[in-house]
Structure formats: C-alpha cells, structure tokens
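Since the structure comes first, as structure tokens, the remarks are kept for the end.
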Amino acid sequence: MKIGIYPGTFDPITLGHLDIIKRSLKLVDRLIIAVARDSHKHPPFFDALERREMISESLADLGLGIEVEIFNSLLVDYAREKKATVIFRGLRAVSDFEYEFQMALMNKKMAPEVEGVFFAPSQSYVYLSSSLVKEVAALGGDVSDFVTPAVEKKLKKRFLKKIDD
Ligand code: ADP
C-alpha cells in the first residue's frame, strides 16, 4: 500500500489545496493531510483544530483513503512514523521555489527513502493562496470561488465576530 503525505498550514484550506489533494490521490492508496500546528511564515489565523475541521468538512465525498492529522514534528520523522514514501507539495510561483527546493533537498538528505513530488498548480488556481482568501474575506469580499462553503461560512463568522468585538 502506497502512503503519501501532503503537509501544509492550510490556514484555511482552499480549492487550490483540494486540487492537489485530488491529484495526489491518483498516485497513492492512502493520503495523510498533515496540518502543521505552527507555520514557518507567521502565526496561523485559525488554530490547528479549526484548520483540521475545515479540511474534513471540505473533503466531503473525497474522504475515502484520506486522513487529516495535526503534526508538530520534523516532517521526515513524521513521514517515517506513518510509513509514507512520498511527500506532496505544490509550486505556485517562482517565489515558492527557493524555500521548497531547500526543504526538498534537506528532507532528501535526512530521509533518502522518501520522495518529494511537486505539482504545478492547475491554471485556475495559480493565483490562489490562503493569505489572499483571508484578505478578501476580511474586507467583506466574496470568496465562494476560492473555498468550499464550509470554509466560507467559518471565515464569515470569524470576521463578523472581529467587527463586533
Ligand atoms: P505552507 O505554509 O506549508 O506553505 P500552505 O497551506 O500555504 O502551507 O500550502 C501547502 C502546500 O500547498 C504548499 O506546497 C503550497 O505550495 C501548496 N498550495 C497552496 N495553494 C496552492 C494552489 N492554489 N495551487 C497549488 N498548490 C498550492
């Protein structure tokens, strides 16, 4: 059985992430979506449990063969623990490249048995990022083309609460 890991912050999950999930599923029997508790960029807006919940709600009928877990350890150690042989990431722009390249080489050095696989984004999601979705939602914009209804609802609730506070 081939096991793959798709790690990320998923703050929140977008249709771009879902596209990578669907495509990853063609390559493995079991996919673990690994939600990083902390982020290498900035503190996540949603806590890890909320992010995991939004992923599970967004998977709907995709769910078969997918697990969603929160992790906080070194990715390669986590991959080994889960007996995963492949780590999936997406490469949206040149700006993603430097960091991803370094990480992939570092991971390969630490765990040569784990392969890193990169997906080019589907054309309709090239520009899509969790940060942009949050910015649009914070300003009251319509994010229904970018996230699932479950995430849209959660974003609305959170930003309305902020305005009320
Ligand atoms: P991280 O903080 O680890 O980069 P993200 O949740 O931002 O976590 O992204 C997780 C992975 O999904 C990354 O490899 C990222 O490049 C990829 N990704 C995010 N959005 C898209 C998208 N629209 N299309 C393709 N890949 C994407």
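Based on this model, can you work out whether F159 counts as part of a helix (DSSP H, G or I), surrounded by fewer than 17 Cβ atoms within 10 Å (Cβ to Cβ) and within 11 Å of the ligand (Cβ to nearest atom)?
So F159 does not fit the description; no.
Of the conditions (1) open to solvent by less than 70 Å² (accessible area, probe 1.4 Å); (2) within 29 Å of L49 (Cβ to Cβ), A93 satisfies every one except a single condition; which number is it?
(2) is the only condition that A93 fails.
Name every residue in the stretch 143-156 that is away from the ligand (no atom under 13 Å from the Cβ), in contact (Cβ under 8 Å) with a residue 40 or more places away in the chain and of a type outside the set (K, R), in order of residue number.
T148, A150, L155
Please go through (1) closer than 19 Å to V133 by Cα; (2) out of contact with any Asp or Glu (no Cβ under 8 Å at 6 or more places or on another chain) for E98 and return the number of the only condition it doesn't satisfy.
So E98 meets the others, but not (1).
Considering only the stretch 21-77, state which residues are out of contact with any strand residue (DSSP E or B) (no Cβ under 8 Å at 6 or more places or on another chain) and within 12 Å of the ligand (Cβ to nearest atom).
Residues satisfying the conditions are K22, D38, S39, H40, K41, H42, P43, P44, F45, F46, M54.
What tally of residues in the stretch 121-142 results from selecting those that are assigned to a helix (DSSP H, G or I), within 7 Å of the ligand (Cβ to nearest atom) and either touching a Gly at 6+ places or on another chain (Cβ under 7 Å) or open to solvent by 30 Å² or more (accessible area, probe 1.4 Å) (or both)?
Here the count works out to 1.
Would a scan of the stretch 98-120 turn up a residue that is open to solvent by 90 Å² or more (accessible area, probe 1.4 Å) and either in contact with a helix residue (DSSP H, G or I) (Cβ under 7 Å, 6 or more places away or on another chain) or polar (S, T, N, Q) (or both)?
yes
What about A34, is it surrounded by 16 or more Cβ atoms within 10 Å (Cβ to Cβ) and in contact with a helix residue (DSSP H, G or I) (Cβ under 6 Å, 6 or more places away or on another chain)?
no
Identify all residues within the stretch 91-106 that are more than 16 Å from H40 (Cα to Cα) and of a type in the set (A, V, I, L, M, F, W, C); write none if there are none.
Across the stretch 91-106, the qualifying residues are L91, A93, V94, L105.
The values are calculated or read from the model by the stated rules, or taken from the named source; none is laboratory data. All of these numbers come straight from a predicted model, not from anything done at the bench. Please note: Cβ atoms are built from the backbone with ideal geometry, for glycine as well, and neighbour counts cover all protein chains shown. Areas reflect the complete protein model, heavy atoms only, side chains present, ligands, DNA and RNA absent. Shrake-Rupley method; radii C 1.70, N 1.55, O 1.52, S 1.80 Å.
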